[in-house]
Structure formats: C-alpha cells, structure tokens
Amino acid sequence: MYESPFLKLKRWQWWLLVAINIFFLIAGQAAAVLLGRFYYDKGGNSKWMATLVQTAGFPVLCIPWFLLHPSREASTSSTSPSIKTLALLYFVLGVLVAGDNMLYSVGLLYLSASTYSLICATQLAFNAVFSYFLNSQKFTALILNSVVILSLSAALIAVNDDSDGPSGVPKGKFLIGFLCTLGASALYSLLLSFMQLSFQKVLKKETFSVVLEMQIYTSVVASCLSTIGLFASGEWKSLQHEMEVFGTGRVSYVLTLVWTAITWQVCAVGVVGLIFVVSSLFSNVISTLSLAVTPLAALVVFHDKMNGVKVIAMLLALCGFASYIYQNYIDDKKARRLQT
C-alpha cells in the first residue's frame, strides 16, 4: 500500500509545506478567475483563447523543474514507469484538462465571477464521491456533512431568481453557463482523483519535481489541443480585432492574457502539490475555500451583486470547508500516532 513520504517530516515542516501549496492555490485561483472575468468584460470573446491561457503558462515552471529534477541515478530507479506508460498517462490527463478548461471558459463567459465561484464549490461533493471509489477515501460524518453543505450551497445559487450573469446575458445563456460550470466541477474532481491514483500506482516518486513534471507535460498536451481548437473554430481570426477594441488598450489585452496564464500555473502547482502531499480531496477542499473567497474579491473589483442568497451560500461553503479541515486534522493525528 502506498504511504505518503511526508509523514516522515516533522509536524511543523509538513504543515509549512501544506501552507505554501495552499497559498499558491488560493492566490493563483482567485487572481486567475478575476482576470478571466476582466478579459470578457473588456471585450474579449474567444472561448478557446480563454481555454488556452489556462495551460499556456507552463514554460514558467521549467526553471524550478530543472532545479529540482532528480539525478540520473535517482530517476533510473527500477520502480520508474516506462516512457510509453508516462506518455499515455500525461496524454489522457492533458485531454481531460483541456476539456475541463473549455467548460470553465464557457461558464465564466455567461456567469458573474461571484456566481461562477459559488457554483464551482460543488466540486468538493463530486470529489468526495470519486475519491471514495478511486482512492479508497473513507466517508466519515464530518466529510458527509461537508459534502451535503456544499451541495446545498450550490443548489441555492441554482434556484435563486436573482442569480445574475454579466450585463446583457439572457437567462438562457445563464443556464448554459450554470450547466457548463457544474459539468466542469465534476470533470475537475474526476481529474484530481486520477492524479492521486497516478501518484500512488504509477509514478511512485517522492520528490516535488514529479509534481512539476506532471503539470508541465499535461499542460503541453492541453495547450496543443486548445491551440488546435482555436484555429479549427476560426476564432483566431477575431483576435486582432479583440486587441484593437479591448476596453483598456492593446498592452492591457496582452498583459491580461499573460498574467492569466501565469496565475493559472501558480494555482495548478498548488493543486497538484496538495494532491501529492495530502490527497485529491484535500486539494479540492482548498479550491473550495478559494472559491468562497473569490466572490468577496469580485464584489470589490467588479461590483458584483451580493444578495442574501449569495451570502448564505458563501457562509455554507465556508462551513463545509471547516468541517472537512477538522476531519483532516483528526486523520493526520491518527496517522502519526500509528506511525510512532
């Protein structure tokens, strides 16, 4: 049975590593969602470009990857998977990432940043189910409570008559955005569980470089597919016009896309890092916390409406997060007690 090597660390060292990845995930995701909404608000309209920038920033990860890459002796371990196995693994994960990013791009196009973020909180409920079947994650009363509360939070947004999209978006488009975001949350949760299974059954490496390696190679595949989609759909023809009419100018258009790409990669490192250090379900819980924080940032930046239902939904999301965090604290104490 696979055992996390991080149990060998001192308790404060383990929590420091977790805290660093939590910061990457929360800061990266909140900034990326707001920049994505800014792109659409100021005149951007290419769903494939919005999809591409979610993975196109992978070259910035090559520097730390080269610095952390294990020596040839370590990398030629008898337990290392074959090149063919790795290629197939990264290709499948990359295809899932590309499809998931496309669904998220459509969802963000038709929803306000706050509504989008609150719907995304359902990913924890999906991930709890997938983790149960794929990662042998046990359902406890606290985890079940977390799943129910977060599901209720999303349901409130779905039935709220005052749920809004950006100005000028009809109710039909709002429904499309809602369904795409819900589907993206489910696919994202499945992706996280597959990643955890990959660490346990295929990669079996105990270095952080494998986290960066997985992120880089899956991003290469996803970026290639997104680029093909951009040209095949014909949206590339409108990019020059988008740049010219962008509300804050050409330079701002380019910087928006560049920083969106970078912040998504920062977020992705936190996501995959938490899967490696803790579990896919824990990683999803932190994503949920970020999605509960993002509506507050959207309220300040974009003056999104924050009605009573949204406030209740956000408080429920925070309660669901707290419930799972406490369960993780109990599990960590138990694991360390058994080890010692």
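Take each peptide in 15-22, 103-110, count the other Cβ atoms within 10 Å of every residue, and average; sorted highest first, the result is 103-110, 15-22.
Using 0.36 nm per residue, how much length does the chain from GLU235 to ILE330 gain when fully extended, once their Cα-Cα distance is taken away?
Numbers: separation 95, 0.36 × 95 = 34.20 nm, distance 5.01 nm.
Here the segment from GLU235 to ILE330 would lengthen by 29.2 nm.
At an R0 of 25 angstrom, the distance between the Cβ atoms of VAL129 and THR85 translates into a FRET efficiency of 0.40. Note on SER290: accessible area approximately 0 square angstrom, rounded to 10, probe 1.4 Å, nucleic acids and ligands left out. Once neighbouring chains are kept in place and the probe is 1.4 Å, which whole percent of the accessible area of segment 84-160 is contributed by carbon and sulfur? About 77 percent, which is the carbon plus sulfur part of the accessible surface. For the residue pairs LYS10/LYS334; LYS138/LYS204; LYS201/LYS333; LYS173/LYS237; LYS42/LYS171, the C-alpha atoms sit more than 19 angstrom apart in LYS138/LYS204; LYS201/LYS333; LYS173/LYS237; LYS42/LYS171.
The apolar share of the surface of segment 170-242, taken as the fraction of accessible area on carbon and sulfur atoms (1.4 Å probe, ligands and nucleic acids excluded), comes to 72 percent.
The values are calculated or read from the model by the stated rules, or taken from the named source; none is laboratory data. Just so you know, these numbers come straight off a predicted model, no measurement behind them. Note that we place each Cβ from the backbone using ideal geometry, even for glycine, and neighbour counts take in every protein chain shown. Side chains are part of the model used for accessible areas, which takes the heavy atoms of the whole protein and leaves out ligands, DNA and RNA. Shrake-Rupley method; radii C 1.70, N 1.55, O 1.52, S 1.80 Å.
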